[in-house]
Amino acid sequence: MQSHWTRQNLLGIEELSREEIDTIHLQASEFKEALKQPHAKLDVLQGNLIVNFFLEPSTRTRVAFETAASRLSADTVLLEGGRSSTVKGETLRDTAQVLESMNADMMVIRHSCPGSAHYLAQVLDIPVLNAGDGAHEHPTQALLDTFTIREHFGQNLTGLKVTILGDILFSRVARSNIWALKKLGATVTLAGPATLVPDRFQSLGVHVTHDLKTALVDADAIMLLRIQHERQSSTHFPSLGEYRGLFGLNGARARYLKPKAIIMHPGPVNRGVEIDSTLADSAQSVILEQVTNGVAVRMACLYLCARGRQQQL
Ligand code: CP
C-alpha cells in the first residue's frame, strides 16, 4: 500500500484523511508484528531525542510514548508540569523552545489547554505530537481505539455501530474518536445524560440518545468514558451514585449488547461508576488490548512524523 503520510506533526484527527489513518494503522500493524519478538528493538530512530512534556497527569499515554520511543531506539526525556519552570512563571513557548534548543528531535505534549499542541507546532521547528489538549483532541487514543476495533471487525468499518457512552462534553477522547470513526465509515451514537451529551453534537454527523437501552442494543462496540471532574467547573448530575444508577454499565444492562460486541474504555477506569468491575475484566472487554495496541500505534506515529520531518528538510 502506498504511504500517504507527509506530515511532521500529529495534532488531531480532524485534519487527517482516511488514507493517512490507514497509513498509521498499517505501520502500527508492522510494528506490532515486530514486537512479538522477545526484547524487540528496532533502530529506526536511533540517535533521536524525544521530549515527553506532560503538564497533566498520565499513565498510559506517557508510558506508551516512552516505550514506543525505546522500542525504536530513541532516547527520551520526561518533563512534567509540576517539576518544570512553568511553575515559576515561564511560558509554554519559552519552555518548549528551551527544550528544542537542547537539540531535541521531537516533542510529545499533553496540556490542559485546547490548541496547545497546534500552538507549539507553530513556534517550533521539530515535530510535535499531541498527547491530549484539554477537551479538544487525543489523536493517538482514537488511533489505537480504531486500530483495536479494526482488529476485531476487519478493516472496513462501513455500517459498524459504535456507541460512546459517558461524559462526551468534556472528553477529548470522544471528539477524536468521532472524527476517526466517521472517516473510517462507522456509525457513531453518543449516549449519556443530556447535560453531558448535548443534542448539538448531532451537527458532527452522529446520533445522540439519552436512553441507555437504545444506546446498547445495536452497538458492535461500546466505548465507555469516565466523568472528567478535572474539566468541570459545575455539577452536571446529582451524584456519582445517581450517574451509576442511570448510565453505569452493569451485568444486567450488558445483556442488551450483541453477544460479539466489544467493551472499550480509554482508561483510567473508575470501577463501579461508569462500568462494574466484573464487566471491565470480562471476556467482552478489550481494555488491556487497547493499552497493548497503544505502543505499536505510537511507534507508528513517532516513526511517520520523524520521516515527514526528514522529507521537509
Ligand atoms: N487514556 C489516557 O489518556 O490515559 P492516561 O491519562 O493515563 O494517559
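Take the stretch 28-72 and flag every residue that is within 16 Å of the ligand (Cβ to nearest atom) and of a type in the set (Gly, Ala, Ser).
Matches in the stretch 28-72: Ser58, Ala64, Ala68, Ala69.
Which one is nearest to the ligand (Cβ to nearest atom), of the residues in the stretch 94-145 that are farther than 19 Å from Arg7 by Cβ and of a type in the set (A, V, I, L, M)?
Checked the stretch 94-145; the qualifying residue nearest to the ligand (Cβ to nearest atom) is Ala135.
Scan the stretch 91-138 residue by residue and report those that are under 16 Å from Glu66 (Cβ atoms) and surrounded by 23 or more Cβ atoms within 10 Å (Cβ to Cβ).
The answer is Met106, Met107, Val108, Ile109, Arg110, Leu129, Ala131, Gly132.
Listed here are the residues, each with its yes/no results for (1) assigned by TED's automatic domain parsing to the domain that holds Asp218; (2) crowded, with 21+ Cβ neighbours inside 10 Å; (3) touching a residue at least 40 places away in the same chain (Cβ under 8 Å).
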| position | (1), (2), (3) |
| --- | --- |
| Arg255 | yes, no, no |
| Lys260 | yes, no, yes |
| Met264 | yes, yes, yes |
| Pro268 | yes, no, yes |
| Ile275 | yes, yes, yes |
| Ala283 | yes, no, no |
| Val297 | no, yes, yes |
| Ala300 | no, yes, yes |
| Leu304 | no, yes, yes |
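Name, by its number, the condition in (1) within 16 Å of the ligand (Cβ to nearest atom); (2) closer than 22 Å to Ala180 by Cβ that does not hold for Leu16.
(1)
Are there any pairs, at least 6 apart or on different chains, whose C-beta atoms fall under 7 Å, with the first in the stretch 49-68 and without any contact (Cβ under 8 Å) to a residue 60 or more places away in the chain and the second among the charged types (D, E, K, R) and more than 9 Å from the ligand (Cβ to nearest atom), and if so, which?
Every condition considered, the pairs that remain are Leu49/Asp75; Leu49/Asp105.
Just to be sure before I move on: is Val87 of a type in the set (A, V, I, L, M, F, W, C), modelled with pLDDT under 95 and away from the ligand (no atom under 16 Å from the Cβ) in the structure I sent?
So Val87 fits the description; yes.
The values are calculated or read from the model by the stated rules, or taken from the named source; none is laboratory data. Because the structure is a prediction, the values reported are computed rather than measured. Cβ coordinates were reconstructed from backbone atoms using ideal geometry, including for glycine residues, and neighbour counts include every protein chain displayed.
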